[in-house]
Structures are given as structure tokens and as C-alpha cells.
Amino acid sequence: MTNVSLENLTKFYPGETMPAVKNVSLQVESGSLTALLGPSACGKSTILKMIAGLLAPTSGNIRFDGQSILRLPPDRRDAVMVFQNHLLFPYMTAGENVGFGLKMRHRTRKEITQAVSRMLELVQLAGMEQRKPSQLSGGQQQRVALARALVLRPQILLLDEPFSNLDANLRLEMQQLLISLHQKLGTTMLFVTHDQEEAVSLSSRIALVLEGTLRQYAPAATLYDQPADREVAKFFGAKNFIPGNCTDGYFECALGCLALPEEASIAGKILTFRPENVILGTARNTENSFQATLMSKKFLGSQTRLELRKDAVTFQALLAPHIAEPLMEGSPVSVHLPRRSLWVLG
Amino acid sequence: MTMVEIRIRAEISRDGLSGPTWFALVLLISWLILPLIPLAVWSISRSWFFPDITPSAYSLRAWRYVFSSTSEVLPALGVTTLIALCATLLSAIIGLPAGRALGLYQFRGKSAVELLILAPTIVPGIAVALGLHVVFLNLGLAGSFLGVLIVHLIPTLPYMVLVMAGVFANYNPEIEAQARSLGADPFQTFYYVTLPAILPGLLIGSLFTFLVSWSQYILTLLIGGGRVVTLPLLLFNFASAGRNDITGAISMIYILPGVVLLLLGARHLTGRNTAAESLRQI
């Protein structure tokens, strides 16, 4: 259980003019499961490797419980990394793999055997000590890799896209396992992923990294409903950006004069709202309701995407298919935008 | 079990080896074994003259001489072995990091470095040795054990470096990062993680290196100046003196490490791992 804080962390790779990581400051709370989310090559793995000690930052500091750990080599940091590829040692059995770190710490054989069998049980691989990595399935290999890291009870567990090589069903299973391991052991975990659904379902807080900078660090719901800027909103699938002006708790734009929630910023020039929060059909509400024309409809499986137009402005809505079904393309619909679903970007 | 093994086993169990396989096997054996038979016979013959197929009289004279305290054969065997072992060790110490750099990393001038490393196998050794002889005389290395050892590195190093480059080309260095992260110090990481992965390649490189050093004649003669006497030098002396019986006996000793190392090496060549796989692709 450790507080991890990153302070103005910056990394230039040799020969590059743009930093891979730029001025990232982040507080990871003790015992939390935090996601570092971002598209590929945004610098999130670089951040992880700097915490693990596998890369040295160009500037900035990393502290565990207030103590700078920059001078410690990776084997003395107690920040254990689990890689995307399980990286099990092929010459050792599953049991020897899990016991590797304890053996390096010169624990007694009896102690290691007990810890290994307990940990294999926790990852649902009880009795598999003697298997070679090549005799295990992809999911089992990744579970051994998790056990190998967790058996050390590290100050922080760093996971670098650990499930992205697994197929969808297995990935869900492993996410459940990780959540239950986190609840049982209480280890501080930092989880790198490019998959926003994975980040949202796993973690209490998400740090969104775009192009080497930390854009927003907040609970998942905040990133959806109150994005810090347009790029964050776009990353989370926002499609509706309506230009206009804020005045006195209202937003003046082509859609009319819309009432804003109290938290919305005052200075912004762009209104955003999530397509799934748009309410269509018989609107009795007076506030934030208007008429628009349904331009097109696209069935997406679990949802139907609708394109709507009012004057020169088009925007999108997502509806359950059975609700969207009777609406006709080209006909007028009444639209309601709940006050709480609106957000203004600077 | 690899696919090839499975197929060979299936073939044997079904109807023995096929025609072409038998042919290749017989050809290989006669190529390797037949030339040795006359040498073996010579080593135990007393008199053997031209039209006869077998010697007219046998004796262990040559063998008695080889193992007698007056002959130089046993000391030469010792010197040859020691030089070959030292050359192998030094080649491994230099060739492992060099091969790692060539196999894992892209850097400016890499192809030039590769060419330089290959050069000793292309440039005639005698030309290099004649030039080096002058340098070694100035350094006081000519005629010394150390001088001979250093000059043996010229032909042995390329083998080690190239084999190790092949091994490291199929090696994922992230597994070392993983070991460090799990708490292994650099030495533990090398011993428990790197070494097991590269061991088959390292053994094969060492095998080549040992035998290349073992069979050096011209470099040893020029730099050793007759003061460092190895088995090939002795062998050449007796062969040019027409002592076919002693030549035969020394030859038998001379081929021994090659046969032993090959048998040992063959077992490790069948080891199944990515590093060994990459060797087969070379």
C-alpha cells in the first residue's frame, strides 16, 4: 500500500525533438486501481517503465510515500511490472516462475513453496506448479504472470496492457479476476490500456494521456460527462460540438437558449452533450426542448444512431432500436436535452 | 518432439529408412570415417609397403613412442588444449556482447562492423600473420604462449560473434527487464534468465571456436616461431619426415576432441528453444 506521486515527469528519447512524456504530474492513491488510458504511442507505457525503473526520466521526480525512488535500480524499487506479452521464463515451471522473485530475495524453499501454492490458488491455477509455460493456455500464462508479480506483495503493481493479447471473452474473465485480486490483496495498481471500456470497467480513476501529456485525471463518469477539453471528449466518443455563447447560466446557440447545469464552465464557447443522453419523441418539458428534423438513421446492433438537424446545425443521438424504429427519416421530431447532460468546453 | 523427429520415427517404424536416406547416410559415413581408417592402421603397423592392402607386420611401437616421456606429444597435447580452451573463453567473453549488439540493435555503420568481423574468414590468414609477426616482435609477444593465444582469436572470434548474433536476433530482451522488475540484480538476471536462453548457441559457438583454434597450423607456426609447439605442428613434422606410423598415432589423438565435442554438441543442438531454432535457420 503506497502513495505514488509523479512530479513534472518528462522523457525525451535520444535523438527526438518532441518529448514522449511531457510534464506529467499524477497522484496515485494508496490501494487504488488506476488506469492510464490513451491511444497507442501516447507515452503511457513510457510512464510505466519510468516508474518501474526500466527507463530514466529526463526530468521530474517519482516518489513512493514521499521518498524519491529515482536512484534505485529496478530490482530494488518494489514496483513490479506485468507486460503485455506474459514473458514467462520458458525454462522454468509455472511454480518456479511464480517463485522467481522470492528466490531472488533469498527466501527459504519452504516459504517459497507455500507462497507459490497460495498465490496459484488465488489466480485459480491451484496444483499447476509443475506445468511448463508452453503447456498453459494464453489466459493461464497471463494468470501465472500476474501471480508471479503479486506474490511479491509489491508497493505498486504496474500492468502494461496485460490482457490486450487475449480474446474478448477471456479478457472479461481476466478483468474480473484482476478486480477480485485487487479487493483481496489491496495492492496499489496502475493499469495501462488503450481500451476505454476496459479502463472504465476496471478502475476507480482514469488518467487520460494524449500525446505525452496528462489531459484529465478523474473518475470515469466525469471523463464522460464533464470532459476537460474537446480532445478528451472526442476520445470518449463525443460527437456533438455546438458553437455558441454562454450568458448567465444559459447557452445561446443554433439549438436555442439552453439552460446549463451549475458546474458548467461560464467562459466556454462550445456546447457538448453525449448522443446517448438526447431524448426524442413527445416532449412535454418546456426547458431545453425544440423541434429538429431527422436526417438519417443507422442501426448499430444494440443501439441506433440518428442524425438530426436544426437550422444549420447537425447533431447525433443514440437510441434503443425499438424507440428509434417508428421515427421516419425526413420528418420533424421533438428533442429534449436534459440540463444535467450539457457541458461547455473552453 | 519436432515435426522432423516425428516423421523420421514414423518412417523407421513403418518400413525402415528410405532409399535416398540410406544413400546419404552411407555417403556421409564413408566421407567422414573412411579417410581415418588408413591412419588408424598405420598407427599399429610395423611395415606396410605399396602393393599390399594390409601391413605385413604389426606393432605398438608408434603408440609407445607417443606416450613415452621423451616424445613431445603429450606436452603438445596440453599446450594445444590450453590454447584452445583459453581462445574459446576469450572469444565467448568478447563475442557474447558483440553478438548481442549486432543481433539486437540497429546502429549506424552496423554493416561495416559486420564486414570487419567477417574479414578474417575472407582475408588469407598467412598475409595477416606475416604483418602481425612484425608487430608482435616489437611487442615481445612473438614466440610466446600469449602471442599465439591472441593470434588464434583472429580466426575464432568471427564464428562466436556470428553465432551469438544469430541467437540474439531471435531474443526478446524484455524478458531481462521483467526479471529486473521482479527483483533480480544484473548478475542474477544473466545467470537465471539470459544464460539459459542463449546456452545452446553459446555451446555451439564454443564448439566451433575450440575446433578452429585446435586446428590452427600456420598462425601458430609464424607467431609461435617453433617455441610454442602444438599438435598440428608435431603432426606436420612427422608427416614430412615420412614417419607414417607416428603420424597415424598422433592423428588419432588429434581427432579425439573433435569427435567428443561433436557428440556432446549434437545433443544440445536438438534442444528445443527459440535460440536454438534460430541457429538452424542460419
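Between A:L36 and A:F191, A:V192, A:T193, A:A207, the built amide H atoms are under 5 Å apart, and every one of these is 5 or more places off in sequence or on another chain.
The lysines whose alpha-carbon is closer than 17 Å to the alpha-carbon of A:K234, local same-chain residues fewer than 8 away aside, are A:K269. Between the Cα long axis of helix B:19-33 and the first principal axis of chain B there is an angle of about 60°, rounded to the nearest 10. Between the helical axis of B:244-269 and the longest alpha-carbon principal axis of chain B there is an angle of about 20 degrees. Listed by Cβ neighbour count within 10 Å, with the fewest neighbours leading, A:K239, A:K269 appear as A:K269, A:K239. Whole Å is fine, so just give me how far the alpha carbon centre of segment A:83-103 lies from that of segment B:70-94. Centre-to-centre (Cα) distance: 40 Å. The string of couplings for segment B:193-202 from the Karplus curve (6.51, -1.76, 1.60, θ = phi - 60°) is 10, 5, 4, x, 6, 9, 4, x, x, 4 Hz, one whole number per residue in order, with x for Gly and Pro. Highest mean packing comes first when the peptides A:156-166, B:33-43, A:52-62, A:319-329 are listed by Cβ atoms within 10 Å, giving A:156-166, A:52-62, B:33-43, A:319-329.
Per-residue mean of foreign Cβ neighbours for B:172-178 is 6 (Cβ atoms of other chains, 10 Å radius). Would you count, across segment A:4-225, every pair of lysines whose alpha carbons are under 17 angstrom apart, provided the pair is eight or more residues apart or spans two chains? Going through segment A:4-225 pair by pair, I get 5.
I'd like the distance between the alpha-carbon centres of segment A:242-274 and segment B:136-201, rounded to an integer number of Å. After rounding, the separation between the Cα centres reads 67 Å.
Within 10 Å of the Cβ of each residue in A:74-83, the mean number of Cβ atoms contributed by other protein chains is 5. In angstrom, the C-alpha Rg and Dmax of segment B:66-281 are 19.6, 66. Its relative contact order, with pairs defined as Cα atoms under 8 Å and 6+ residues apart, puts chain A at 16 percent. Within a straight-line Cα-Cα reach of under 15 Å, A:K239 can be paired with the following aspartates and glutamates, leaving aside sequence neighbours fewer than 8 residues apart in one chain: A:D225, A:D229, A:E231, A:E276, A:E307.
Which whole-angstrom value gives the distance between the alpha carbon centres of segment A:30-82 and segment A:279-335? Between the Cα centre of segment A:30-82 and that of segment A:279-335, the gap is 46 Å. Between helix B:110-122 and chain B, what is the angle of the helix's C-alpha long axis to the longest principal axis, kept within 0 to 90° and rounded to the nearest 10? On a 0 to 90 degree scale, this one is about 10. The length gained on full extension between B:A112 and B:F236, counted as 0.36 nm times the residue separation minus their Cα-Cα distance, comes to 40.9 nm.
By DSSP, what percent of the beta bridges with both residues in chain A are antiparallel, rounded to the nearest 5? Expressed as a percentage, antiparallel bridges in chain A total about 75.
Every read-out reported here was derived from the displayed coordinates using simple, explicitly stated rules and does not represent laboratory data. What you are looking at is a predicted structure, and each value in this text was computed from that prediction instead of being measured. Using ideal geometry, Cβ is built from the backbone for each residue, glycine included, and neighbour counts are taken over all protein chains shown.
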